[in-house]
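FYI, it's all coordinate maths here, none of it is from the lab. In this text the structure is predicted, and so the values were computed from the model without any measurement. All Cβ positions, glycine included, derive from the backbone under ideal geometry; neighbour counts span all protein chains shown.
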Amino acid sequence: MDDKLIYAAPLQGYTDVAWRLAHAGIYGGVDAYFTPFIRVEKGSVRQRDLNNAIQNMPSGIPVIPQIIFGSRDEFIILADTLIDAGATHINLNLGCPFPPQVKHGRGAGALRAALIEEIASIIITRYSFAVFSAKLRLGINSSDEWRPILNILNTIPLDHITLHPRIAAQQYVGECNSEIFDEFLASTSHRVVYNGDIRSVSDIARIGSVHNISVDVMVGRGLLSRPSLALEYRSNEEWCHDKRVSVLRRFHEEIYSTYMTVLCGDQQILQKIKPMWDWLEDEIGHKAWKAIHKATTLRKYESAVADALS
Ligand SMILES: Cc1cc2nc3c(=O)[nH]c(=O)nc-3n(C[C@H](O)[C@H](O)[C@H](O)COP(=O)(O)O)c2cc1C
């Protein structure tokens, strides 16, 4: 066991306020939660998105809002709005592979030297009191696109850079490029966080030993399929299936009761709660997983969940 940091990755549609609150209260084990990206819509940030990005956890685990932008103007609107709302650390999304975002120069589409130079200068002159970090991919179509960008990022006093060593064209599948990750690590003085396909306690431990120096990690889908993953690593105790399912029952109850309080109507609630099961098929079995997804009313849903976790 070492003292590497473990971050919970941003996952749009999954790691919202309710998930983060329940996760921190029931499992924890992570050093920070990164929110799904927020963006500018019709010239400003929607209040709902802002509410999702600014969260003070009773557990004290920091929640770091993430922004996605395609121009200096969008960047300033987002940073001003978040700072006015109390954010002290903002994460820059330079990796989203979603074509509608990339097409508008956002996410992986923002990996453009001219834009990053402008952002660097704004951060240094306008926001010198705030903390920034970045999360990026290697590029859109080529795994060399990060090279000119990293030279610029090296000039900004970032807290860290998280690298997901895939290109946007791969979306979320295919090999992560660990050779290039090592090259990236050697090319920057920033603290580098590894992100990609960490699914088990041994994966977390392995990342440190693969690279010459211990790197911090960010876990996304691994925490959706095994919410206890970071805690298991931290406490040096691998949980058996029975324990995982029993705690999952409490985790679900907490998220479900939040949605029951803030949303109304079966369909609205089902639409929000069902995604929590998307990555849990291995944990509960295919039949139970299918029954949950097929449920059309809360009564049927509750019965399917009770069967799945019995
Ligand atoms: C459904 C989904 C939504 C995501 N949303 C975001 C997001 O809002 N911001 C971001 O930087 N990355 C987002 N990602 C990427 C993840 O944060 C992470 O980089 C990627 O899943 C690889 O890590 P993993 O293998 O640990 O999941 C998303 C990924 C998925 C699958």
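Please compute one quarter of the surface area of the Cα convex hull for the range 77-200 and express it in square nanometres. Kindly include the intermediate steps, with their values, before the conclusion.
Values: hull surface 32.4 nm².
Computing the convex hull of the Cα atoms and averaging its projections yields 8.1 nm².
What is the Cα convex hull volume of the range 241-308 when expressed per residue in Å³?
Details: hull volume 4.8 nm³, N = 68.
Per residue, the Cα convex hull of the range 241-308 comes to 71 Å³.
Only bridges with both residues in the chain count here: give the DSSP antiparallel percent, nearest 5.
Working: 1 of 29 bridges.
Here the antiparallel bridges make up roughly 5 percent for the chain.
Roughly speaking, what is the stretch gain from Ser44 to Asp31, that is 0.36 nm per residue apart minus the C-alpha to C-alpha distance, in nm to one decimal? Intermediate values should be presented prior to the final figure.
Details: separation 13, 0.36 × 13 = 4.68 nm, distance 3.01 nm.
Full extension from Ser44 to Asp31 adds 1.7 nm.
Using only Cα positions of the chain, each an equal point scatterer, no hydration layer, compute I(q)/I(0) via Debye at q = 0.12 Å⁻¹ and quote the log10 values to two decimals.
-0.83
Find the eigenvalues of the gyration tensor of the Cα atoms of the range 164-310, then list the square roots of 5 times those eigenvalues as equivalent ellipsoid semi-axes, largest first, in whole angstrom. Mind showing how you got there, number by number?
On the way: eigenvalues 245, 61, 36 Å².
They are 35, 18, 13 Å, listed largest first.
What's the center-to-center distance, using Cα atoms, between the range 205-281 and the range 1-71 in Å?
What the calculation gives is 14 Å, centre to centre.
If you place +1 on the Cβ of every Lys and Arg, -1 on the Cβ of every Asp and Glu, and leave all else neutral, what size is the dipole of the range 185-304 about its Cα centre, to the nearest 20 Debye? Mind dumping the intermediate values first?
Numbers: 17 positive and 15 negative charges, 61 e Å.
About 300 debye.
Hey, what number do you get for the chain at 222 nm if only DSSP H runs of n ≥ 4 count, each worth -39500 (n - 2.57), divided across all residues, to the nearest 500? Show your work: numbers first, answer last.
On the way: 15 runs with 142 residues, N = 310.
Calculated from helices alone, the mean residue ellipticity at 222 nm is -13000 deg cm²/dmol.
Where the only charges are on Cβ atoms (+1 Lys, Arg; -1 Asp, Glu), what is the dipole of the range 6-235 about its Cα centre, to the nearest 20 debye?
Working: 20 positive and 21 negative charges, 90 e Å.
Taking the Cα centre of the range 6-235 as origin, the dipole is about 440 debye.
Give the value in nm², to one decimal: projected area of the alpha carbon convex hull of the range 180-244, averaged over all directions. Don't jump to the answer; show the numbers that get you there.
Values: hull surface 18.6 nm².
Hull-based average projected area comes out at 4.6 nm².
How much length is gained if the chain between Thr155 and His104 is pulled fully straight, taking 0.36 nm per residue apart and subtracting their Cα-Cα distance, in nm to one decimal? If you can, show how the numbers build up before the last one.
Values: separation 51, 0.36 × 51 = 18.36 nm, distance 2.55 nm.
Full extension from Thr155 to His104 adds 15.8 nm.
At q = 0.15, 0.21 Å⁻¹, what log₁₀ I(q)/I(0) does the range 65-137 have when each alpha carbon counts as one equal point scatterer in the Debye sum?
-0.44, -0.86
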